[in-house]
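Read-outs throughout are calculated quantities, based only on the coordinates presented, and are distinct from any laboratory measurement. Owing to the predicted nature of the structure, the values given are computational and were not obtained by experimental measurement. Quick reminder, even Gly has a Cβ in these numbers, built from the backbone with ideal geometry, and neighbours come from all protein chains shown.
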Amino acid sequence: MNHLPVLVVVIPVAGAFLISLVDTVRPAFKSTAALLVATAHSTTLVAAAYRGMTGPALLYSVGEWIAPVGISLMVDSFSAFFLLLLAIGHLASALVRIESGDRSEWARKSAALIALFFAALSGITVTADLFNLFIFVELATVCSIGLIARKRHPGSAVAGFVALMAATISGALLLFAVLVLYVATGTVAMPLVAQAAPDLPAHLHGMATAAIIVSFGIKIGLVPMHFWQPRTYHAAGTTVAAILSAFGLKIHVYALLRLLWFPLQAPVVLPGVYSILLVMGMVNILTGHSMAMIERNLVRMLAFSSIAHVGYILLGVAAAGRIGGSAAVYAVAAALFHTGMHTLMKSALFWSGHRLIHLSRSSRIMDLGGIAWRAPGSIIAFSLAALAIIGIPPTGGFASKWFVAMAQQALLPVLVIGAGTVISLVYYGRFFLIATRRDPPDSFPAPHPLSLRPRLQTAVVLALAVAAVMAGTRDVQVRSLLLRAAEGLVDQADFVGPALIGRGR
Amino acid sequence: MESPVIRVFLTRLTAGFLCLLLSLGFVVLLLDAGRHRAQTIPTQMEEPYTARSVAETGSINVVTAILMDYRAFDTLGEATVIFASVAVAAAILGKPGSPSNRTMGLLSRRQLSALLPLFFIFPLFVIFHGHLSPGGGFQGGVSLAVLVILIHVAFGDRFGEEVIPHRILALSEYGAAIGLVGIGFVGIFQGSAYLANVAAGFPRGTAGTLASGGVIPLLNLLVGMKVAAGLSSIYVHLAGHEAENVPEKRR
Amino acid sequence: MALDIAFYLILAAILVSAFAAIHVRGHLNAVIILSVFSVLTTVKFTFLQAVDVAMAEAVIGAGLMTALFVTAISKTRKRTWRAR
């Protein structure tokens, strides 16, 4: 039996415990331990992703108890794509966050919390069990609350509380949906629920779907439910905001897609839901971009930009659900392309923004005037990522937006994408002009003494930004990877079959 | 003009009405779901557990068999959630600072010092007999944590810190957590799956005796240790939280 | 028959205590009523023969949560008194 599906969860969990142990016994080695754990986890993730991309779906029964009684995990090409994103995420965030001597309790716990957060995200990605999914969503929530609510940081307690309330509503709705599905079908294993889903009465199926969409809508910031995100990211600070937005948010998108396509069988049973998602996607793009344009704070601006880009992903998803059949693979691939691109671009933007904000000790855009001349590496990375996220032609961001637009069947979504691009050109351009002002104020305040390693950070950020730009020019390789991943979501036959073997047991 | 009293009353009425509506809808939906299941599939999930769990796991408590064997991965996840919330509490509240030395009255303390050893019997019984009688590592662990809190409340935080230092709590939590994850690997090394019990060669024993259920008693013990240490260290962080960093309200 | 009546009485008492916990004045009172709610829920679970869950509800709801809530209230109480 191939143990990779369970190892991607268990290794970072054990790693988080080890980091805490090391921190208590030998505090000096904590950063090393965190880096080691991140490396081990990323290696496992890459191995699992490779296996999921190349072979048939990988199924795992924890404790050798097969589906109806036990918990099964699975890695197929669709989850492999997100495992790849997580591998980038854990390693990069460990590299960026190597600290120099912050001994506050928050700094001590945050390394373990980040390892646990990525463990939870991996768990969400590999699990094929509804209740297990709920537990990992809760674990991710608890970890993110800890990362948001730092002590002695203005507004962070309130932001943490708001995030906790939002997460509580979201968790309750998810639990409600799982409960309805369990009572109606008698199982929580996704393949078996998928088999029973077409026979469910319409109102049960509809309520479960609605609860799941609202629950994950809160997590990913669908527009009426996005209220907590900008405040939270602002309070969390840029390094954590990058982790929450670039990686946490994407995995919740993954969970939403997986639940809609697989256990709920929404494209067959409830295709109307995709029209709602289409409208929500357009609303997200317009709201996110216009709020980002009037925003005066860099972190909040980036947060609203994240909300807008969830809209692009949703447009691709909605197109896929509305077309159905084999054409849906292209639309899902477009959505996945934008997901991957946004992960690279937004993490590069947040982390290079970290350096700028750190130098000027303020995240207000007006206070960042002329900051570019003090951190050239960061501003180069920021500009590259900004070019990509606006969608200037040769970059990966352009390619992904182009594919999403190509997948649309109607004119209106394409127009919305175009309008969003123009608005984002305005606000990123404005920031660039302010940051490169020729007349920098004579004296910036002295930088905050607790510095992360600036060179290493700049290198990581540059690598991410360059990857985001280059992805647009490496069209062929990227496209074959994406199509393979999208097939995993749309054609589930290759893993529904083996999972059902356990049924006769 | 509405008076504020009426407005508050109306708000509460609306909120109460909405809550009632939501919970009614919830109940109706669940009843419907149950009816649907009864029509289509008679039983799919429960029967394997009740019919086979004793033979397959060696634990005569079906609930423990599910928690610690069939769905042990969920239990590992839940234990990790507790670990994470301890870390979150520590990150938000900061290092436990000046513990207060307020104690209960003399009579209570004398009485408690005679009774406390007896109090410890119950959680230990619940943990060690998790596979034989109701309860298990989680319930026993929480009871142990409550006892630690009782020591703190009755004899003062300083005494509590002397008897059970915070460092020991933290170390035993991490140790138990690592042990819990590590036991899962035994299954992998035995050629079975992660967290496998009988399939990994753990002896099933005679059902109904203390040494039965394979790895279940050990998992119960580790979960109990971890939960007890984790929850009581949340209390220690909370009790040692210095209130003065809360900004005073200016007059 | 008598057991049935007792069970429905307990269900009613659970509802009443839940309402009281929300509407009572003062945090401390609410917490204490919440622990009463937990105890009643424990009895309900025992009636339904879910002893494992009953035990968990008893130790967590009535024991641990009450202790944590009371501690948290005692940590914030000083400030509200002084502000008055």
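State which entries of A:LYS109/A:LYS346; A:LYS109/A:LYS250; A:LYS30/A:LYS219 exceed 27 angstrom in Cα-Cα distance in the structure shown. Working shown, then result.
Details: A:LYS109/A:LYS346 25 Å; A:LYS109/A:LYS250 24 Å; A:LYS30/A:LYS219 31 Å.
Those over the limit are A:LYS30/A:LYS219.
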request  = Could you work out the relative contact order of chain A, using alpha carbon pairs under 8 angstrom and six or more residues apart, expressed as a whole percent?
outcome  = 17
key: Two-site label geometry, B:PHE189 and C:ALA6: point separation in nm, points 7 Å out along Cα→Cβ   = 5.2
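Using a simple charge model, +1 on the beta-carbon of Lys and Arg, -1 on the beta-carbon of Asp and Glu, nothing else, what dipole does chain A show about its Cα centre, in debye to the nearest 20? Mind showing how you got there, number by number?
Numbers: 33 positive and 17 negative charges, 270 e Å.
For chain A, the charge dipole is close to 1300 debye.
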query = Say the dipole of chain B comes from +1 at the beta carbon of Lys and Arg and -1 at that of Asp and Glu; which of B:GLY34, B:ALA211, B:ALA15 then lies farthest toward its positive end?
reply = B:ALA15
inquiry  = To the nearest 20 Debye, how big is the dipole of the stretch B:152-251 about its Cα centre, given +1 on the beta carbon of each Lys and Arg and -1 on that of each Asp and Glu?
reply    = 240
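Let me check against my output: what whole-number percent is the relative contact order of the stretch C:2-83, with C-alpha pairs under 8 Å and at least 6 apart? Spell out each step's value before the answer.
Values: 61 pairs, mean separation 21.5, N = 82.
Relative contact order, the stretch C:2-83: 26 percent.
What is the order of B:ILE168, A:ILE148, A:ILE11, fewest Cβ neighbours within 10 Å to most?
Working: B:ILE168 12, A:ILE148 30, A:ILE11 21.
So the residues, fewest neighbours to most, are B:ILE168, A:ILE11, A:ILE148.
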request  = With +1 on each Lys and Arg Cβ and -1 on each Asp and Glu Cβ, and nothing else charged, work out how big the dipole of the stretch B:59-245 is about its Cα centre, in Debye to the nearest 20.
outcome  = 300
query = Measuring from a point 7 Å past the Cα of A:GLN409 along Cα-to-C-beta, which residues in the stretch A:286-321 have an amide N at less than 13 Å?
reply = A:318-321
inquiry  = I want to check the label-to-label distance for B:LEU31 and B:LEU106. Put each point 7 Å from Cα in the C-beta direction and report it in nm to one decimal.
reply    = 6.1
inquiry  = 5 Å is the cut-off here: which amide hydrogens, built 1.01 Å from N in the peptide plane, fall below it relative to A:LEU58, excluding neighbours closer than 5 in sequence?
reply    = A:VAL75, A:ASP76
key: Sorted by Cβ neighbour density within 10 Å, fewest at the top, the residues C:ARG25, B:ARG35   = C:ARG25, B:ARG35
note = Label model pair B:VAL8, A:TRP373: point-to-point distance (7 angstrom along the Cα→beta-carbon line) in nm is 6.0
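Counting alpha carbon pairs within less than 8 Å and at least 6 residues apart, what relative contact order, in whole percent, applies to the stretch B:59-245?
Values: 279 pairs, mean separation 66.9, N = 187.
This gives 36 percent for the stretch B:59-245.
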inquiry  = For peptide A:199-209, what's the mean number of Cβ atoms from other chains within 10 Å of each residue's Cβ?
reply    = 3
ask   = Given the convex hull over the Cα atoms of chain B, what projected area results after averaging over all orientations, in nm²?
value = 22.1
task = Round to the nearest 10 and give me the degree value, 0 to 90, for the angle of helix A:454-470's Cα axis relative to the longest principal axis of chain A.
result = 50
remark   = Cα extents of the protein assembly as shown per principal axis, largest first, Å, are 77, 69, 68
query = Where does each of B:THR80, B:THR40 land when they are ranked from fewest to most other beta-carbon atoms within 10 angstrom?
reply = B:THR40, B:THR80
query = Taking amide H positions as placed 1.01 Å from N in the peptide plane, with prolines and chain starts having none, which residues 5 or more places from A:ASN297, or on another chain, fall under 5 Å of its amide H?
reply = A:ILE365
note = For the stretch C:2-83, the charge dipole (Cβ of Lys, Arg +1; Cβ of Asp, Glu -1; about the Cα centre) points to a positive end, and the Cα of C:VAL59, C:ALA72, C:PHE47 closest to that extreme belongs to C:ALA72
request  = Return one number: the angle in degrees, 0 to 90 and rounded to the nearest 10, between the long axis of the Cα atoms of helix A:328-360 and the longest principal axis of the Cα atoms of chain A.
outcome  = 30
